[in-house]
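What follows is a single structure, written as C-alpha cells, with notes after it.
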Amino acid sequence: MSLPYFDKTHPRDFGRIRYVGRDDRQNQVYVLGTKRSDSGQLLQELSSLTGQAEQFHFASTMSYVNPVLRLGGWLSRSLRLPAIGRPLVLSGIKMAFPALVRLANRVTVDVQPGVTQ
Amino acid sequence: MSYLFIGKSGVFETMVVASALLKEKTDYLDLAYFSDIQLDTERKPILIGEAPDGRGVYTLGDKEYQITAIMAEELSQLAGEKGRPLAVIPVSFPGDQGTYLMSKLAMIPLVGRFFYRACLNRVLANEDQLLAEGEAYRRHILHHHHQAAAKPLP
C-alpha cells in the first residue's frame, strides 16, 4: 500500500515508465502500464531501436492479474470508487503475491547487474 | 537517431507521411511495405528508408498509438546518452480510425479485397494532405539539421 503509484494511477499514466527503486544488485526497477497485455515484444523492438536492448529486461505481470484484482482495479481507477475497489485490489494482490514473488526472484536470477527491469 | 512515425496503422496514412522524409524521393506506392496489412499486425517498427540526415525512418501501427508513442519516448529517454535517440512522431489524421478498421476487415478471406481497396482509396483521396504533412516535417528537420551543422565548434 505504501509503494509509490500503488492503485493511484490515472488513464494518462498509460505508457509512462515510472521508477520504483533499485534491486539488491543496484539494477534500476521501473513499472509501466499499457492498455494491451501483449506489449512485451513491442517493448523489446523499441528498445532495440534505441540501441540499448541489452540494458533492459522486461517482465510481464499480466498473467498474474486475477479476476478479483481486475474488478478491484476497474472499480477503484476507472469508476473512481477506491472505497469499494481498493479492498478488492488488496485481496487480489494477496492471492497473486506468492506467484509475483516467484516472478521477481526469477527476474533477479536472470538479470545481470546494470540492467533496467 | 531514428525517426519513428506512429499511427493507427503503420502501412497506410502513417507510411505516406513518413515517405516524405526520405532522402531519395520515393513514391509511397513503390515502398516495399506500403499497404502490407499482414506486416502491420505484427506491431513492429518497419524500416522504410533513410532520412536526409542519414538516420533511419521507421513506421509503426498500433491501435493505442498515443500510448505507444509515450512509451517509445520514455524508453528513448531511459536509454540515455549511450543509446541512439529516437524522434517519435505520432501521426493522427481524420479518418485514420476508419482505415484502421477496414485494414482489419481486409484480412477476411474473399471479401477482404473490397476493404483493402477501400483502404487504398482512402489514402489516395487524402494523398496531397498526407504528403504536405510529411513535407512540413521534412522542412522542419532539415532546418534544424542545417542550423546544427552551421554551429561553430567550441
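The values are calculated or read from the model by the stated rules, or taken from the named source; none is laboratory data. None of the values given here were measured: they were computed from a predicted structure. Don't worry about glycine lacking a Cβ; one is built from the backbone with ideal geometry, like all the others, and counts go over all protein chains shown. Surface areas here come from the heavy atoms of the whole protein model, side chains and all, with no ligands, DNA or RNA. Shrake-Rupley method; radii C 1.70, N 1.55, O 1.52, S 1.80 Å.
Among residues of the range B:81-94 that are more than 10 Å from every other protein chain (Cβ to nearest Cβ), those with a Cβ under 6 angstrom from a residue that is in a strand (DSSP E or B), sequence gap 6+ or separate chain, pair up as B:Ala87/B:Tyr3; B:Ile89/B:Phe5; B:Pro90/B:Ile6; B:Val91/B:Phe5; B:Val91/B:Gly7. Here the helices (runs of 4 or more DSSP H) wholly within the range B:18-112 that include at least 2 residues being open to solvent by 50 Å² or more (accessible area, probe 1.4 Å) are B:65-79, B:96-105.
Annotation: B:Ala72 fulfils all but one of (1) modelled with pLDDT of 90 or more; (2) more than 10 Å from chain A (Cβ to nearest Cβ); the unmet one is (2). Filtered by the rule that a residue be open to solvent by less than 90 Å² (accessible area, probe 1.4 Å) and farther than 25 Å from B:Ile89 by Cβ, the range B:113-133 gives B:Phe115, B:Tyr116, B:Ala118.
Taking the range B:1-27 as the range and being within 21 Å of B:Gln97 (Cβ to Cβ), touching a residue at least 60 places away in the same chain (Cβ under 8 Å) and in contact with a helix residue (DSSP H, G or I) (Cβ under 7 Å, 6 or more places away or on another chain) as the test, the residues that pass are B:Leu4, B:Phe5, B:Ile6, B:Gly7, B:Lys8, B:Ser9, B:Val11, B:Phe12, B:Glu13, B:Val16, B:Val17, B:Ala18.
Name the single residue that is nearest to the other protein chains (Cβ to nearest Cβ) among those in the range A:22-67 being among the acidic types (Asp, Glu) and within 28 Å of B:Ile48 (Cβ to Cβ).
Checking each candidate, the answer is A:Glu45.
Just to be sure before I move on: is A:Arg77 loosely packed, with under 12 Cβ neighbours inside 10 Å and not aliphatic (A, V, I, L, M) in the structure I sent? For A:Arg77, the condition - loosely packed, with under 12 Cβ neighbours inside 10 Å and not aliphatic (A, V, I, L, M) - is not met. Filtering the range A:49-74 to residues that are surrounded by 13 or more Cβ atoms within 10 Å (Cβ to Cβ) and charged (D, E, K, R) leaves only A:Arg70.
Out of all the residues in the range A:70-90, which are closer than 23 Å to A:Tyr19 by Cβ and modelled with pLDDT of 90 or more? Spell out the reasoning first.
First, pick out the residues of the range A:70-90 that are closer than 23 Å to A:Tyr19 by Cβ: A:73, A:76-77, A:89.
Listed by number, the list holds a single entry, A:Val89.
Table: residues versus (1) more than 24 Å from A:Gln44 (Cβ to Cβ); (2) among the small types (Gly, Ala, Ser).
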residue: B:Gln77; (1), (2): no, no
residue: B:Glu81; (1), (2): no, no
residue: B:Arg84; (1), (2): no, no
residue: B:Ile89; (1), (2): no, no
residue: B:Phe93; (1), (2): yes, no
residue: B:Gln97; (1), (2): yes, no
residue: B:Ala118; (1), (2): yes, yes
residue: B:Asn126; (1), (2): yes, no
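Checking the range B:23-42 against the condition returns no match, with no residue being in contact with an Asp or Glu (Cβ under 8 Å, 6 or more places away or on another chain), modelled with pLDDT under 95, closer than 24 Å to A:Thr34 by Cβ and not acidic (Asp, Glu).
Taking the numbered list (1) within 14 Å of another protein chain (Cβ to nearest Cβ); (2) in contact (Cβ under 8 Å) with a residue 60 or more places away in the chain in turn, B:Leu60 passes all entries but (2).
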